[in-house]
Amino acid sequence: MKALVPVKRVIDYNVKVRVKADGSGVDLANVKMSMNPFDEIAVEEAIRLKEAGKVDEIVAVSIGVKQAQETLRTALAMGADRAILVVATDDVHADIEPLAVAKILKAIVDEEQPGLVLCGKQAIDNDMNATGQMLSALLGWSQATFASEVDVEGNSAKITREVDGGLQTISVKMPAIVTVDLRLNEPRYASLPNIMKAKKKPLDEKSAADYGVDVSPRLEVVKTEEPAQRAAGITVGSVDELIEKLKEAGAV
Amino acid sequence: MAVLLLAEVTGGELAMDATAKAVTAAQALGDVTVLAAGASAAAAGDAAAKIAGVSKVLVAEDASLGHRLAEPTAALIASLAGDYEHIVAPATTDAKNILPRVAALLDVMIISDATAVVDGATFERPIYAGNAIQTMKSSDAKKVITFRTANFDAAGEGGSASVETISAADNPGLSEWVENKVAKSDRPELTSAGIVVSGGRGVGSEEDFALIETLADKLGAAVGASRAAVDSGYAANDLQVGQTGKVVAPELYVAVGISGAIQHLAGMKDSKVIVAINKDEEAPIFQVADFGLVADLFDAVPELTQKL
Ligand SMILES: Cc1cc2nc3c(=O)[nH]c(=O)nc-3n(C[C@H](O)[C@H](O)[C@H](O)COP(=O)(O)OP(=O)(O)OC[C@H]3O[C@@H](n4cnc5c(N)ncnc54)[C@H](O)[C@@H]3O)c2cc1C
Ligand SMILES: Nc1ncnc2c1ncn2[C@@H]1O[C@H](COP(=O)(O)O)[C@@H](O)[C@H]1O
């Protein structure tokens with residue numbers, strides 16, 4: 001079985017985000033970019049499935065600017081076998097919406113015929129939490145979101161999902177779309193020799209037009225603002241003072 | 001203009017708080033029809049009919065809708081979509097599972113975690129873990145939206161909407177429910193509690209997490225946790241507060257042994273009063289705290305619990 005893993009290039013999760021003065025978005029020029037943390041978990045899971053003999057090839061896909069190549073090289077260095085870069089914009093500030101990403105991914109799935117797609121649960125830039133679900137709808141495949149355990153057994157997979165009330169286990173028919181949550185695994189670091197080897201692994205470059213997908217956004221950004229700042233607080237010297245302040249504030 | 005609102009139904013019961021908050025958001029968009037779907041959903045539908053501002057309730061009962069599996073529930077909503085301009089739900093894990101699927105079936109974008117309604121096509125939503133708030137205008141014919149409940153007050157009671165029974169859509173039969181592991185607790189529910197006490201990695205162990213629970217019980221509070229506390233097994237996954245966990249905005253939020261990473265702040269910085277107890281005076285959590293106590297939690301928390 002082939003596994004397809006969509007990986008997104010996003011601002012590194014440690015970077016302090018700055019809103020652009022013109023309100024058009026967040027400043028992404030010259031900031032550190034990394035693979036979306038959830039996607040690292042998805043790549044790791046695909047590698048573990050390969051190590052367990054349940055997957056025989058891992059294809060990583062990224063959609064966005066040309067620089068997303070670096071993200072794909074990271075996936076290849078971790079252990080993906082080949083990569084597909086879909087250049088859909090040349091503007092580092094343009095975010096391709098989940099619906100357009102899902103349409104491109106559907107076209108790639110039609111070509112590649114994977115048995116499993118492992119997505120992240122959410123991209124930490126747009127915080128949409130939508131692409132996997134949308135891809136699943138477009139393909140008419142089964143869907144298991146927020147996975148903290150993945151157990152592939154032949155024609156089905158048992159997936160434990162992190163939900164508001166605790167954990168839910170479902171069994172999905174293959175082929176399936178799984179979106180991964182934080183506690184599924186701990187992603188490995190790519191070793192230096194693997195980083196070198198990754199440079200030789202195949203990376204195909206395509207464009208959104210190759211798949212006939214219109215990536216123009218459905219949601220127009222009217223403005224982007226900093227969130228309201230909280231007023232400065234105070235340091236209390238003791239538990240007694242804390243209780244006193246809380247009583248004054250009517251909080252207890 | 002009509003709005004279809006997917007009620008939060010768990011095990012046949014209506015989650016009143018989440019649903020009533022979404023009703024408040026939806027009312028700004030038009031006439032609200034609530035859909036109660038489940039293996040049993042009639043009681044939930046009756047409860048939803050009593051929410052002020054709901055004009056109609058649709059009840060769909062079918063085994064396939066029992067555990068809110070995405071495929072049959074999304075198919076049902078898509079089959080009803082013709083009558084509505086907006087399809088909305090509270091931003092619970094159920095809705096986040098289902099509504100993007102609905103949006104794709106309708107070939108429209110999803111607007112996730114909206115925090116404010118500007119007009120029928122324009123919404124605010126946080127991005128980058130709440131470090132920016134974006135106003136987005138949709139050009140889609142239908143708008144599919146999840147609303148972040150922490151930002152809306154619950155609609156009151158006193159409604160008397162009509163209730164109509166409808167049938168489920170065909171079950172595509174792609175997935176099956178196996179089991180739930182639900183932590184039973186008598187404490188208030190995290191996202192609707194007036195007070196939340198959260199513990200982080202600083203608490204150090206699952207046993208010592210009892211310190212957090214005892215303080216919470218003294219305050220009648222819900223218990224929350226940082227990702228580090230959940231990853232380390234001190235607390236259950238459904239207690240995680242943050243960018244990728246639950247978003248809370250209680251009257252009082254007490255953060256104990258939590259450093260205050262942006263991903264955690266994203267889930268609690270709209271709380272009315274924030275208390276931080278941390279032994280590191282440089283911890284970023286103090287930047288959002290109204291009252292900061294620099295202390296060892298193993299001294300401060302028992303003392304606080306005892307003196308309250
Ligand atoms: C993709 C992604 C998503 C994430 N989503 C979330 C999320 O939703 N929610 C979330 O919380 N995190 C999330 N995180 C993790 C986040 O970045 C931090 O790692 C996490 O919040 C740290 O948890 P913590 O504050 O408990 O632990 P630490 O950062 O280790 O802080 C522990 C604190 O305890 C204090 N302490 C230690 N001992 C004591 C003592 N005896 N008395 C008093 N204080 C003490 C220390 O001074 C320290 O400040 C996410 C990360 C990523 C990459
Ligand atoms: N531009 C993209 N390129 C590759 N994968 C993506 C892209 N956008 C989203 N994804 C995948 O979809 C997941 C969820 O993203 P989102 O729906 O934007 O929150 C991510 O974790 C990725 O696995």
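The values are calculated or read from the model by the stated rules, or taken from the named source; none is laboratory data. For clarity, every value in this text was computed on a predicted model and none was experimentally measured. Cβ sites come from the backbone with ideal geometry, for glycine too, and all protein chains shown count toward neighbours. These area figures cover heavy atoms from the full protein model, side chains too; ligands, DNA and RNA do not enter into them. Shrake-Rupley method; radii C 1.70, N 1.55, O 1.52, S 1.80 Å.
Some points to look at:
- Top-ranked residue of the range B:138-149 - restricted to ones that are more than 7 Å from chain A (Cβ to nearest Cβ), touching a Pro at 6+ places or on another chain (Cβ under 9 Å) and open to solvent by 10 Å² or more (accessible area, probe 1.4 Å), ranked as nearest to ligand 1 (Cβ to nearest atom): B:148
- For the range B:123-137, taking the residues that are open to solvent by 10 Å² or more (accessible area, probe 1.4 Å) and polar (S, T, N, Q), the one that is nearest to residue B:108 (Cα to Cα) is identified as B:134.
- Cβ-Cβ under 7 Å pairs, at least 6 apart or on other chains, the range B:255-272 side without any contact (Cβ under 8 Å) to a residue 60 or more places away in the chain, far side away from ligand 2 (no atom under 16 Å from the Cβ) and acidic (Asp, Glu): B:272/B:251
- Scanning the range B:86-121 for residues that are among the polar types (S, T, N, Q), open to solvent by 10 Å² or more (accessible area, probe 1.4 Å) and touching a residue at least 12 places away in the same chain (Cβ under 8 Å) gives B:92, B:115.
- Filter result for residue A:240 (within 14 Å of chain B (Cβ to nearest Cβ) and outside any helix (DSSP H, G or I)): no
- Answer residue from the range A:171-186, given it is closer than 17 Å to residue A:48 by Cα and open to solvent by 40 Å² or more (accessible area, probe 1.4 Å) and is farthest from the other protein chains (Cβ to nearest Cβ) among those: A:186
- Single condition residue A:29 does not satisfy, out of (1) open to solvent by 20 Å² or more (accessible area, probe 1.4 Å); (2) in contact with a helix residue (DSSP H, G or I) (Cβ under 9 Å, 6 or more places away or on another chain); (3) in a loop (DSSP other than H, G, I, E, B): (2)
- Where residue A:18 falls short, out of the listed (1) in contact (Cβ under 8 Å) with a residue 60 or more places away in the chain; (2) open to solvent by 20 Å² or more (accessible area, probe 1.4 Å); (3) away from ligand 1 (no atom under 16 Å from the Cβ); (4) under 30 Å from residue B:265 (Cα atoms): (1)
- Comparison of B:28, B:52, B:47 shows that the only residue that is of a type in the set (A, V, I, L, M, F, W, C) and touching a helix residue (DSSP H, G or I) at 6+ places or on another chain (Cβ under 7 Å) is B:47.
One line per residue, one yes/no per condition, for (1) within 25 Å of the chain's Cα centre (by Cα); (2) within 22 Å of residue B:193 (Cβ to Cβ); (3) away from ligand 2 (no atom under 16 Å from the Cβ); (4) not hydroxyl-bearing (Ser, Thr, Tyr):
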position: B:254; (1), (2), (3), (4): yes, yes, yes, yes
position: B:263; (1), (2), (3), (4): yes, yes, no, yes
position: B:266; (1), (2), (3), (4): yes, yes, no, yes
position: B:285; (1), (2), (3), (4): yes, yes, yes, yes
position: B:305; (1), (2), (3), (4): no, yes, yes, no
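- Options A:172, A:213, A:163, A:221: the member that is under 16 Å from residue A:102 (Cα atoms) and of a type in the set (Val, Ile, Thr): A:213
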